[in-house]
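The block underneath contains the structure these notes are about, expressed in structure tokens.
No lab work stands behind these numbers, since they all come straight from the coordinates. Given the structure is predicted, the values throughout are model-derived calculations rather than measurements. Here the Cβ positions follow ideal geometry from the backbone for every residue, glycine too, while neighbour counts run over all protein chains shown.
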Amino acid sequence: MNGREKQIFDLLCEHGDLSIEELSRWLNVSPSSVRRDLIDMRGHRFIQRTHGGVTLSNVVSYNPLPIHKPPVRVPEARGIAHGALQLIERGDVIGMSGGRICTELALHMRMLEGITVVTNAVNVAAELVALPGLQVILTGGMLDPRSFELVGKAALSALDGVRLHKFFVGTDGITLEYGMTNHSEAVASVAREFIRHSDQTILLADSTKFTRSNLNKVADVSEISMLITSDRTPRAIIKQFEAAQIKCVVAKCERGED
């Protein structure tokens with residue numbers, strides 16, 4: 001991938017679907033130059049042409065079941081994932097849970113090098129498979145159809161002897177009183193094991209997850225090293241978590257797109 005192609009990929013990660021005219025403005029080149037670039041990139045596995053533009057391509061279409069309501073807004077997922085990407089450094093061994101935002105993070109990670117990813121989410125692994133700069137370790141286990149995550153004894157034992165620098169984890173709900181919670185005890189159990197094996201736990205939570213709690217506890221807020229959310233989360237809520245000594249990163253998300 002040359003410099004111009006890398007610029008196009010980075011712009012898609014940050015802004016989502018882009019038209020030829022938008023790419024022309026961002027790159028400060030003519031629309032005809034953009035069209036030539038897209039022709040050269042037509043066989044690229046990371047991007048897909050659309051009518052009049054281009055978008056990121058997915059290996060797996062992630063459409064959660066109705067239990068996951070309300071759905072994560074695309075701009076929020078993209079903005080939070082972009083913020084999380086800035087924390088990943090060459091040489092890192094990172095853990096990743098399932099969920100919409102971690103899946104978006106996987107799309108953003110395709111150009112990284114020297115990273116080892118340990119995950120129990122089959123869709124996250126599928127998005128990262130066969131990339132020369134990434135080593136992917138997928139736990140065993142039984143598939144949870146609601147989250148695409150592998151759970152059970154095999155998933156838990158796969159982490160024996162593993163040490164992670166950072167664990168990026170999504171959640172079904174987060175409150176100061178009850179901490180991180182999940183709809184599934186099996187999924188929560190694996191997430192707890194990832195936390196136990198990680199130096200840092202980085203929570204990725206969109207604005208719909210706050211003040212919500214579910215049946216199964218994953219972790220207290222004191223176990224969270226950092227919280228990344230979007231600017232759609234009310235500032236009053238963010239201040240509450242900061243007062244609890246949780247480092248908060250607020251990602252900017254595009255407006256007018258849901």
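Please find, in a Gaussian network model of the chain (springs between Cα atoms separated by less than 10 Å), the residue of 123, 28, 214 whose mean-square fluctuation is greatest.
Residue with maximal mean-square fluctuation among 123, 28, 214: 28.
Which of 209/239; 166/239; 153/247 have a Cα-Cα distance over 22 Å?
Result: 166/239; 153/247 exceed 22 Å.
From Cα pairs below 8 angstrom and at least 6 apart in sequence, can you work out the relative contact order of region 155-235, rounded to a whole percent? Mind dumping the intermediate values first?
Working: 157 pairs, mean separation 30.1, N = 81.
So the answer I get is 37 percent.
What is the distance, in nm, between label points placed 7 Å from the Cα along the Cα-to-Cβ direction at residue 130 and at residue 10?
Placing both labels 7 Å beyond Cα along the Cβ direction yields 2.7 nm.
Under a plain spin-label model, where a point goes 7 Å from the Cα along Cα-to-Cβ, how far apart in nm are residue 215 and residue 157?
With each label placed 7 Å out from Cα toward Cβ, I get 2.7 nm.
Using just the helices of the chain, give the 222 nm mean residue ellipticity in deg cm²/dmol: DSSP H runs with n ≥ 4 each add -39,500 (n - 2.57), and the total is spread over all residues, rounded to 500. Before the final figure, lay out the partial values.
Values: 9 runs with 85 residues, N = 258.
Estimated from H runs of four or more residues: -9500 deg cm²/dmol.
Given a cut-off of under 8 Å on Cα pairs at least six residues apart, what relative contact order in percent is computed for the chain?
Taking the mean separation of contacting Cα pairs over the length of the chain, I get 16 percent.
Using Cα positions and a limit of under 25 Å, work out the lysines in reach of residue 6, with same-chain residues fewer than 8 apart set aside.
Candidates past the 8-residue exclusion: 252.
Within a Cβ distance under 12 Å of residue 216, other residues only, what is the Lys/Arg minus Asp/Glu net charge? Write down the numbers at each step before the final one.
Working: positive: 192, 217; negative: 172, 185.
With Lys, Arg at +1 and Asp, Glu at -1, the net is 0.
State whether region 3-56 is rounded, prolate or oblate according to the following rule on the C-alpha gyration tensor (a ≥ b ≥ c being the square roots of its eigenvalues): a/c under 1.5 gives rounded; otherwise a/b larger than b/c gives prolate, and the remaining case gives oblate.
Numbers: a/c = 1.28, a/b = 1.13, b/c = 1.13.
Since a/c stays below 1.5, the shape of region 3-56 is classed as rounded.
Of the candidates 78, 35, 25, which one comes out as most mobile in a Gaussian network treatment of the chain with C-alpha springs shorter than 10 Å?
Comparing 78, 35, 25 in the GNM, the peak value goes to 25.
For residue 150, enumerate residues with amide H under 5 Å from its amide H, sequence gap 5+ or separate chain, H modeled in the peptide plane.
Amide H to amide H, under 5 Å and 5 or more residues apart or across chains, residue 150 pairs with 121, 122, 144.
What is the sum of charges around residue 195, taking Lys and Arg as +1, Asp and Glu as -1, for the other residues whose C-beta is under 13 Å from the C-beta of residue 195?
On the way: positive: 163, 166, 192, 196, 217; negative: 193, 199, 220, 223.
Net of charged neighbours comes to +1.
Most fluctuating residue of 138, 27, 107 in a GNM of the chain with Cα springs under 10 Å: which is it?
Per the Cα network of the chain with a 10 Å cutoff, 27 tops the list.
Could you list which residues have their amide H under 5 Å from that of residue 118, counting only those 5 or more apart in sequence or on another chain, with H placed in the peptide plane?
94, 95, 96, 137
With unit charges on the beta carbon (Lys/Arg positive, Asp/Glu negative), name the residue among 167, 24, 79 whose Cα is farthest towards the positive pole of the charge dipole of the chain.
24
How much of the DSSP bridge set in region 107-258 is antiparallel, in percent, rounded to the nearest 5? List each step's numbers first, then the result.
Numbers: 10 of 29 bridges.
Antiparallel bridges make up about 35 percent of those DSSP assigns within region 107-258.
Summing +1 for each Lys or Arg and -1 for each Asp or Glu, what net charge is found among the other residues whose Cβ lies under 9 Å from the Cβ of residue 186?
-3
Determine the percent antiparallel among the DSSP beta bridges restricted to the chain, to the nearest 5. The partial results should precede the final answer.
Working: 16 of 42 bridges.
If we restrict to bridges inside the chain, about 40 percent are antiparallel.
Short version: ³J(HN,Hα) in whole Hz for each residue of region 182-199, in order, from phi by Karplus 6.51 cos²θ - 1.76 cosθ + 1.60 (θ = phi - 60°), x for Gly and Pro, what are they?
Each residue's phi maps through the Karplus curve to give 9, 5, 10, 5, 5, 5, 4, 4, 5, 4, 4, 5, 4, 4, 4, 9, 10, 6 Hz.
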